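Each remark here refers to the structure printed beneath this line.
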Amino acid sequence: MRLSWALLLLAAALALEGTVAARCPTPCVCDNLRAHVLCLNGNLMAIPSTIPQLTKKLDLQGNSFTVIPVGAFLATPYLTHLDLQRCKVERLEEGAFRGLGRLVYLNLASNSIALLYQESLDGLSSLQQLILEGNRIEEIQPGAFGHLGSLTVLDLRANALVYLPDMVFQGLQVLRWLRLSHNALHVLGSEAFTALPALRRLSLDHNELQALPSETLARLDGTTRLDLGHNPITYVAEEALAMASLKHQQPRAAGSGQCPQGCACSPDFRHGSCENKDLRKIPWGFPRDTRLLNLRQNAFGTVPPGAFPGLKELVSLHLQSCSIGALRPGALRGLESLVYLYLTDNRLSTLAATAFEGAPQLAYLDLDRNAFTRLPVGAFQLLPNLISLHLQHNAIRELAEGDLAGAGGLRWLYLAGNAIGHIAPTALAPAKMLEKLHLEGNHLAEVPTASLWGLPTLSELKLSRNPIKRVGDSAFLPVASSLQHLYLDNMGLEQISPGAFTGLGPKIRSLYLESNKMSHIPDMSNFTGLDILNLRDVPFHCDCQLLPLRRWIDKLNLRIGATCGSPAEARGLKVKLSTTFQTCPGWGRGKAGGTSPNKTKAASKPNKKKRSGKSPARGFKKSRA
């Protein structure tokens, strides 16, 4: 009987294995023995629906999901590891990870997530490591981590955080390491780190803290390591030196005022919300200690002077989709702690500087999807702390001289999806600290080289989806010393001149050239620091002129997707697999697979520096010379 039962189980297992194998999605590789599925760099626009149900490790790096919808992984409840790095994710819908109660590792690094909602991470009760490094998270709603009771490591490095509200990490009872390095933090709620009893290491280095936040840090009774380097701290209070002995927290002043009728107020999180209440007038009477106010999806039309009386502690104000056509002078008067202002999806076409009077701490201004035909000239004169400006999907036609006057501290400027056809040479000059410039989806016919002078810290430039047909010599020379990420994809680009990349080299970490029309590209052998190189959907002419590229990509331990568009016998083949190069002069000295292409000093020099975390380039050997 036992033998029959064992045979029955074996037959069932084999049948299941056959079913699982049959369900493997076409662009993926499924290892059923180890329950691993890899769908790397497959241009997937949605999570595949036929991933084997018993999969434990799922790697989806390098795809294009944009949004992770509700219940995206309900069909794979046994997942323990999920990797979504570099997937262009912009939003995690509330409930996106429901059903993943076994997941212990989630990597969402290098995406474009801007906001963590209260239930974005709902359902991850077993999660131990959460990696959110390298997104553009500007705000975390308190309660976002409330369901992550098993989390031990939370990595929020290299985001766009300026402010941490009270109780933002509530629920992380076993968190041991909180990584907040390389943000722009300069305001910390006094109870931001309350309820982290197991925290042993806190990394706050490379931020904008000007004074030691001793009251905030006093809540960290068990922390043994605190990283505070690279902050412009100019003052350390005497009591901060004894903060380890602080055991009593000062009682918080009680908020006053009743919640307006029809709205909801949370004293624990200091939130107020009147979302989608069909209001025609901004309500008054919120508690004076309100930190976040959500008024989105109403029909205010206008924000009058003094619209938010008594809210001196307000940090985040949400006015999205409120049919706002005018922000009157003094509209934000008295909001002396305001850091985030969201005015997305309204009808604004102009703004006066006086509209921001009384809100000097404003750092994030979101004006996406309004009716601007040009930047609101002079509007930033009263915003000395403005760091991030969103003006995407408006109707801006040009950037003129003086448009950014007063925006001397601006770091991130988002202008995608406008109609910009011209940028004056001095238009960007006031923003001398600019780090990210997003110009994708505009009407630029050439790289705006002249306007890039005077931007010594620009590290990311996006020109995707502009009708730029040719990139000329020294196109990026003004920012060559700082540029790390360059996007030139989906432009219909036909020619890149031999000197187009003059000055660029080891600092470049990612270069996107996919979906263009050029048949050759210039020598890039000095790009030795690349982590990402995308050459998919480019019709390369695989002749001897392309031999330097052929040799170079042999040395790269990267998936680049380069294929031949011609001649006919090579069409559709990977460049590195094409045999058309075998007739080229010098092929015998440098072909891959036979004599190593790297047996000269010149070939080996660019690869002497070993990058951490990278395996040596395939086929690479040190010079014997």
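The values are calculated or read from the model by the stated rules, or taken from the named source; none is laboratory data. Just so you know, these numbers come straight off a predicted model, no measurement behind them. Backbone-built Cβ (ideal geometry, glycine too); neighbour counts: all protein chains shown. What goes into the accessible areas is simple: the full protein's heavy atoms, side chains included, and nothing from ligands, DNA or RNA. Shrake-Rupley method; radii C 1.70, N 1.55, O 1.52, S 1.80 Å.
The condition of being under 22 Å from the mean Cα position of the chain (by Cα), crowded, with 22+ Cβ neighbours inside 10 Å and under 21 Å from ASP227 (Cα atoms) holds for only one of LEU175, LEU156, LEU127, that being LEU156. Say whether the condition of being closer than 15 Å to LEU463 by Cβ, in contact with a Lys or Arg (Cβ under 6 Å, 6 or more places away or on another chain) and at pLDDT 95 or above is met by at least one residue in segment 425-438. Within segment 425-438, one or more residues are closer than 15 Å to LEU463 by Cβ, in contact with a Lys or Arg (Cβ under 6 Å, 6 or more places away or on another chain) and at pLDDT 95 or above. Going by the structure shown, is THR449 among the hydroxyl-bearing types (Ser, Thr, Tyr) and open to solvent by less than 40 Å² (accessible area, probe 1.4 Å)? Here the answer is yes, as THR449 does meet what is asked.
In segment 576-599, the residues that are under 14 Å from LEU549 (Cβ atoms) and assigned to a helix (DSSP H, G or I) reach residues that are open to solvent by 90 Å² or more (accessible area, probe 1.4 Å) and at pLDDT 50 or above with C-beta atoms within less than 9 angstrom, at least six apart or across chains, in these pairs: THR580/GLU569. Flag: LYS462 does not match the condition of being under 26 Å from LEU511 (Cα atoms), surrounded by fewer than 20 Cβ atoms within 10 Å (Cβ to Cβ), among the charged types (D, E, K, R) and at pLDDT 95 or above. Filtering segment 283-331 to residues that are within 29 Å of the chain's Cα centre (by Cα), of a type in the set (A, V, I, L, M, F, W, C) and closer than 20 Å to ALA352 by Cα leaves LEU317, LEU319, CYS322, ILE324. Restricting segment 1-56 to residues that are open to solvent by 70 Å² or more (accessible area, probe 1.4 Å), touching a strand residue (DSSP E or B) at 6+ places or on another chain (Cβ under 9 Å) and at pLDDT below 90, the residue that is farthest from LYS88 (Cα to Cα) is ARG34.
Of all the listed residues (ALA307, ALA326, ALA299, ALA331), the sole one being closer than 20 Å to ALA371 by Cβ and crowded, with 20+ Cβ neighbours inside 10 Å is ALA331.
The one condition from (1) out of contact with any Pro (no Cβ under 6 Å at 6 or more places or on another chain); (2) open to solvent by 30 Å² or more (accessible area, probe 1.4 Å) that GLU93 does not meet is (1). Would a scan of segment 429-438 turn up a residue that is open to solvent by 60 Å² or more (accessible area, probe 1.4 Å) and over 24 Å from the mean Cα position of the chain (by Cα)? Within segment 429-438 (the criterion being open to solvent by 60 Å² or more (accessible area, probe 1.4 Å) and over 24 Å from the mean Cα position of the chain (by Cα)), the answer is no, since none of the residues qualifies. Restricting attention to segment 528-555, the residues that are in contact with a Lys or Arg (Cβ under 9 Å, 6 or more places away or on another chain), buried (at least 19 other Cβ atoms within 10 Å of the Cβ) and among the hydrophobic types (A, V, I, L, M, F, W, C) total 4. Within segment 190-239, the set of residues being at pLDDT below 75 and either in contact with a Cys (Cβ under 8 Å, 6 or more places away or on another chain) or acidic (Asp, Glu) (or both) comprises GLU238, GLU239. The residues of segment 87-117 that are over 18 Å from the mean Cα position of the chain (by Cα) and on the phi > 0 side of the Ramachandran plot, listed by number, are GLY95, GLY99. The listed residues are LEU185, LEU217, and the only one of them that is in contact with a helix residue (DSSP H, G or I) (Cβ under 8 Å, 6 or more places away or on another chain) and among the hydrophobic types (A, V, I, L, M, F, W, C) turns out to be LEU217. Of everything listed in (1) under 22 Å from THR350 (Cβ atoms); (2) touching a Gly at 6+ places or on another chain (Cβ under 6 Å); (3) open to solvent by 10 Å² or more (accessible area, probe 1.4 Å), the single unmet condition for LEU477 is (1).
I'd like to check something: does segment 386-399 contain any residue that is of a type outside the set (Ser, Thr, Tyr), farther than 19 Å from LEU365 by Cβ and out of contact with any helix residue (DSSP H, G or I) (no Cβ under 7 Å at 6 or more places or on another chain)?
Kept after step one, since they are of a type outside the set (Ser, Thr, Tyr), are these residues of segment 386-399: 386-387, 389-399.
Next, only the ones that are farther than 19 Å from LEU365 by Cβ stay: 397-398.
Then keep just the ones that are out of contact with any helix residue (DSSP H, G or I) (no Cβ under 7 Å at 6 or more places or on another chain); that gives 397-398.
The answer is yes; a qualifying residue exists.
Counting the residues of segment 538-572 that are of a type in the set (S, T, N, Q) and at pLDDT 90 or above gives 2. Please identify the pairs in which a residue from segment 418-440 that is within 20 Å of ALA395 (Cβ to Cβ) has its Cβ atom under 7 Å from the Cβ atom of a residue that is of a type in the set (Phe, Trp, Tyr) and crowded, with 21+ Cβ neighbours inside 10 Å, counting only partners at least 6 apart or on another chain. From segment 418-440, the pairs are HIS438/TYR414; GLU440/TYR487.
Could you grab me the full set of residues in segment 213-232 that are crowded, with 18+ Cβ neighbours inside 10 Å and not charged (D, E, K, R)? Let's see the steps before the verdict.
Within segment 213-232, the subset crowded, with 18+ Cβ neighbours inside 10 Å is 213, 215-220, 223, 231.
Hits for segment 213-232 are PRO213, THR216, LEU217, ALA218, LEU220, THR223, ASN231.
Only one of the numbered conditions (1) modelled with pLDDT under 90; (2) surrounded by fewer than 18 Cβ atoms within 10 Å (Cβ to Cβ) is violated by VAL315, and that is (2). Among the residues of segment 98-120, are any more than 18 Å from GLU138 (Cβ to Cβ), out of contact with any Leu (no Cβ under 9 Å at 6 or more places or on another chain) and open to solvent by 10 Å² or more (accessible area, probe 1.4 Å)? The answer is yes; a qualifying residue exists.
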